[in-house]
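The values are calculated or read from the model by the stated rules, or taken from the named source; none is laboratory data. Here the structure is a predicted model, which means the values were calculated and not measured. Here Cβ is always computed from backbone atoms with ideal geometry, including for glycine, and neighbour counts include all displayed protein chains. Surface accessibility is based on the protein's heavy atoms, side chains included, excluding ligands, DNA and RNA. Shrake-Rupley method; radii C 1.70, N 1.55, O 1.52, S 1.80 Å.
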Amino acid sequence: METTIAFILIFGSLVFFHELGHFIFAKRAGIMVREFAIGFGPKIVAITKGETLYTLRLLPLGGYVRMAGEDMDSVELQPGFRVGLVLNAKEQVVKIVLNQNKQQQDMLFLETERADLEKGLWIEGYDEEERLVRYDVSRKAVITENGKDTLIAPHDRQFGSKSIGNRFITIFAGPLFNFILAFFIFLMIGLLQGVPTYEPIISGVAEDGPALDAGMQEGDLVTKIDGQSIDTWQALAEKVQESAGEALTFEYVRDGEVINSTITPKSVEQDGESFGQIGVLYESPVEKNPLKAVAFGAEQTVTWIAKIFELLGMLITGQFTIDALSGPVGIYKATEQVAQYGVFNLMNWAAILSINLGIMNLLPLPALDGGRLLFFLIEAVRGKPVDRQKEGMVHFVGIMLLMVLMVVVTWNDIQRFFF
């Protein structure tokens, strides 16, 4: 149960911040956002505030921001449609009721002849006295069908009406917010747990190692090896590992006293390779410093972005196969393992997942954010947009292929962890 809660909270948070990026920049561009959804499937919670419906759905494996002008969003009034109209004091239409035959107070009935609910904002048709009349439509008019109200979306409030720059940043903002979230998680780790200093301080000495024979003790701070300054544990480890069987002169400080010892790393075999080892343990000292925590957050974010791109490169070049990929089941099992090592490890895992989600969405594949960004770049080069039906077909095929990939990866996860 704890793992399930942790998984839902982590994955839900990553999806929330991703969609929040789309939402904020859509609003800044003046785009009408019809729905902000976390999860897929049936609604669990639905709250309408302003022009946006906020929903929490059953399956916490994604989310979406539904913007006006996308996915068959508009309603077209065809000639011959019989509609009910509600007017305001300025004789503007504020409500258009479809499939309504029962007379209601203050409602006019019209047999539609023509209508423009996007640019011109008017409706024309024959009233009950067979007169051809025309009414202006309010920018905030509502279309009601089968008891469901939908705000009309004037053309300037639709996603497609905005400049390439506004559309680009609205889509790019989702992955961007995943990177920002990762930075703040790493920052919180640095503030609460402390920032590793990587000082070459010995945390422990093995009973059967060369370091113990040479007199090295817990708490010793190594400053030099063979006369070369040692500033970090990484530098110490690298020098020792490459010097198997070679006598090294260590200079270290203990209680303010400088001590010199000669230690010969023993050779250790692993995966067909040999490296030196002197038998010491290391636990990185930490420092709680707000400025260093900020630097730590930025450094970790950049490091993991580079690492994940490196792994993607290995996948593309065939250095590991699709069997190494994990889907929701694999992420769940990994979350279960990480949770055993404490909340800070879980936070670190959440930050890595957030970066991974951001990068995956930036891949130039149909149906992903990166695929849509690619079409914007093509539009910028061509000077005109790609035909919407053709683009929609490409994204549809992309969705189908991604679903197949998800099924394959999930099946691999099930076999790996349960069989």
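Structure data summary
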{"read-out": "Segment 137-285, relative contact order [Cα under 8 Å, separation at least 6], %", "value": "21"}
{"read-out": "Of all accessible heavy-atom area on segment 147-190, the percent that carbon and sulfur account for (1.4 Å)", "value": "69"}
{"read-out": "Under 25 Å from the Cα of K333 - lysines, other chains or at least 8 residues apart", "value": "K307"}
{"read-out": "Calculated over the chain: convex hull of Cα atoms, volume per residue (Å³)", "value": "214"}
{"read-out": "Relative contact order computed over the chain (Cα-Cα under 8 Å; 6+ residues apart), in percent", "value": "14"}
{"read-out": "Eligible lysines near K266 by straight Cα distance, threshold 29 Å, same-chain separation 8 or greater", "value": "K224, K239"}
{"read-out": "Segment 264-419, relative contact order [Cα under 8 Å, separation at least 6], %", "value": "20"}
{"read-out": "Solvent-accessible area per residue for the chain (1.4 angstrom probe, square angstrom)", "value": "57"}
{"read-out": "Rounded to 5, the percent of DSSP beta bridges in segment 1-77 classed as antiparallel", "value": "75"}
{"read-out": "Listed residue pairs exceeding 22 Å between alpha carbons, taken from K27/K90; K162/K384; K49/K119; K43/K119; K49/K95; K27/K162", "value": "K27/K90; K49/K119; K43/K119"}
{"read-out": "Mean shadow area of segment 114-197 over all directions, Cα convex hull, nm²", "value": "10.4"}
{"read-out": "Accessible surface ranking that places the most exposed of K292, K95 first, with a 1.4 angstrom probe", "value": "K292, K95"}
{"read-out": "Segment 1-154: Cα Rg divided by the 2.2 N^0.38 Å rule of thumb", "value": "1.31"}
{"read-out": "Mean ellipticity per residue at 222 nm, deg cm²/dmol - from DSSP H runs of n ≥ 4 across the chain, formula -39500 (n - 2.57)", "value": "-14000 deg cm²/dmol"}
{"read-out": "Cα-based shape type of segment 216-296, given that a ≥ b ≥ c are square roots of the gyration tensor eigenvalues and the cut on a/c is 1.5", "value": "oblate"}
{"read-out": "Kirkwood-based shape ratio for segment 105-249, expressed as Rg/Rh from alpha carbons", "value": "1.56"}
{"read-out": "Cleavage-rule hits, trypsin sites (Lys or Arg not before Pro), segment 107-192, DSSP coil, Cβ neighbours within 10 Å at most 11", "value": "K119, R131"}
{"read-out": "Cα-based Kirkwood hydrodynamic radius, segment 321-419, one decimal, Å", "value": "15.7"}
{"read-out": "Highest-first arrangement of 349-362, 41-54, where packing means the average Cβ count within 10 Å", "value": "349-362, 41-54"}
{"read-out": "Heavy-atom accessible surface of segment 1-89: percent carbon and sulfur, 1.4 Å", "value": "65"}
{"read-out": "Inter-centroid distance (Cα atoms) of segment 1-17 relative to segment 332-409, Å", "value": "18"}
